[in-house]
1. All but one of (1) touching a strand residue (DSSP E or B) at 6+ places or on another chain (Cβ under 8 Å); (2) surrounded by 13 or more Cβ atoms within 10 Å (Cβ to Cβ); (3) of a type outside the set (S, T, N, Q) hold for E119; state the number of the condition that does not hold.
2. Kindly indicate whether S62 is more than 11 Å from the chain's Cα centre (by Cα) and modelled with pLDDT under 90.
3. Return the residues of region 97-125 that are more than 18 Å from the chain's Cα centre (by Cα) and either assigned to a helix (DSSP H, G or I) or modelled with pLDDT under 90 (or both); say none if nothing qualifies.
4. In region 55-96, what residues are assigned to a loop (DSSP other than H, G, I, E, B) and surrounded by 15 or more Cβ atoms within 10 Å (Cβ to Cβ)?
5. Would a scan of region 103-110 turn up a residue that is without any contact (Cβ under 8 Å) to a residue 40 or more places away in the chain and within 20 Å of F66 (Cα to Cα)?
6. In contact with a helix residue (DSSP H, G or I) (Cβ under 8 Å, 6 or more places away or on another chain) and among the aliphatic types (A, V, I, L, M), is that true of I90?
Amino acid sequence: MWTAYSEKKVIMGIEKRKSRRTDVSVVISLRQLGDNYVSGISGKKVDVNVINISKHGIAFKSDYEFKLNTYYDTYITLANKESFETIIEIIRMENLGETETTYGCRFVGINSEDQFKIEVYQLLYESNLNHE
């Protein structure tokens, strides 16, 4: 299984990750930080389709071409209407011949309050799945 976070560990066939992933279906906006001339983004916002989120990172798909090791100012609104801003770094990318590429990102400098918002969202999401 593809993961958005690079610290995936497998011990005796059991997958151990740094933090729990929750599938999501939300849209986030990204704006590149740094040299706009090199990136070609020029500060415009790009919307992407999020696959999953954890308190340490996020995975998304996009037909826009992002570059590895680039940073983006990110505005995230969870389905429970909690929102926050953070910076992400693109650390993985994978394309299996599809129109959209899957990107894995880590949060850079996310605060504990925003990590808590993600954990609460995960609990609510899993609770709703159990009641369906």
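1. Every listed condition holds for E119 apart from (1).
2. Working: more than 11 Å from the chain's Cα centre (by Cα): yes; modelled with pLDDT under 90: no.
It is false that S62 is more than 11 Å from the chain's Cα centre (by Cα) and modelled with pLDDT under 90.
3. Here is the first cut: in region 97-125, the ones more than 18 Å from the chain's Cα centre (by Cα) are 97-99, 124.
L124, the sole residue that qualifies.
4. Restricting attention to region 55-96, the residues satisfying the condition of being assigned to a loop (DSSP other than H, G, I, E, B) are 55-56, 63-70, 78-82, 95-96.
Within region 55-96, K55, H56, F66, T70, L78, E82 qualify.
5. Yes: region 103-110 contains one or more residues that are without any contact (Cβ under 8 Å) to a residue 40 or more places away in the chain and within 20 Å of F66 (Cα to Cα).
6. Numbers: in contact with a helix residue (DSSP H, G or I) (Cβ under 8 Å, 6 or more places away or on another chain): no; among the aliphatic types (A, V, I, L, M): yes.
Taking the combined requirement at face value, the residue does not satisfy it.
The values are calculated or read from the model by the stated rules, or taken from the named source; none is laboratory data. In this text, all values refer to a predicted model and were calculated from it rather than measured experimentally. Cβ sites come from the backbone with ideal geometry, for glycine too, and all protein chains shown count toward neighbours.
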